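Peer 1: There's a structure below that I have some questions on.
The values are calculated or read from the model by the stated rules, or taken from the named source; none is laboratory data. Given the structure is predicted, the values throughout are model-derived calculations rather than measurements. Backbone-built Cβ (ideal geometry, glycine too); neighbour counts: all protein chains shown.
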Amino acid sequence: MSTTLADQLNKIQTDLIVYCMPIIYFFGIIFNPINIIIFTRRTFHLNACSIYFICLSLDHIVLLNSACLFWVISTYIGYNASANVSAVCKIRSYLYILTPILLRHFICLIAID
């Protein structure tokens, strides 16, 4: 039985979500608060660039908890909450758009500063 290219790509996508996303989520949840702790120290607190790094780390945490965690849960369990609850769908769609935009803006502000 031969599989189509779409089936193979779907399998690869599922494998990446199942095996790579938990690792990304784990390291993101561990190192973003460490980044926040470092940039809230007294020596960095007066620098405007450190405020952008703090906001960037907070935005990463929101993105990890809204996107990555949702993908992993929906892939492992098979339950898609956004298909059943309209408020979850709206919030998820809003965060999917907002957080990457904020990430790009914070990186640009860090580069300018």
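Peer 1: When you go through Ile29, Ile34 one by one, which is the residue that is out of contact with any Leu (no Cβ under 9 Å at 6 or more places or on another chain), aliphatic (A, V, I, L, M) and at negative phi?
Peer 2: Ile34
Peer 1: Next question. Does Leu69 meet the test of being farther than 21 Å from Ala111 by Cβ, of a type outside the set (D, E, K, R) and either in contact with a strand residue (DSSP E or B) (Cβ under 6 Å, 6 or more places away or on another chain) or surrounded by fewer than 12 Cβ atoms within 10 Å (Cβ to Cβ) (or both)?
Peer 2: So Leu69 does not fit the description; no.
Peer 1: Now a separate question. In contact (Cβ under 8 Å) with a residue 60 or more places away in the chain and surrounded by 16 or more Cβ atoms within 10 Å (Cβ to Cβ): is that true of Tyr25 in this structure?
Peer 2: No: the conditions fail for Tyr25.
Peer 1: Sticking with this one: If you take the residues in region 75-100 that are loosely packed, with under 11 Cβ neighbours inside 10 Å and over 28 Å from Tyr19 (Cβ atoms), which one is modelled with the highest pLDDT?
Peer 2: Once the filter is applied, the top-ranked residue is Ala87.
Peer 1: When the residues of region 8-59 are filtered to those that are among the polar types (S, T, N, Q) and assigned to a loop (DSSP other than H, G, I, E, B), which remaining residue is nearest to Val72 (Cα to Cα)?
Peer 2: Among those that are among the polar types (S, T, N, Q) and assigned to a loop (DSSP other than H, G, I, E, B), it is Thr40.
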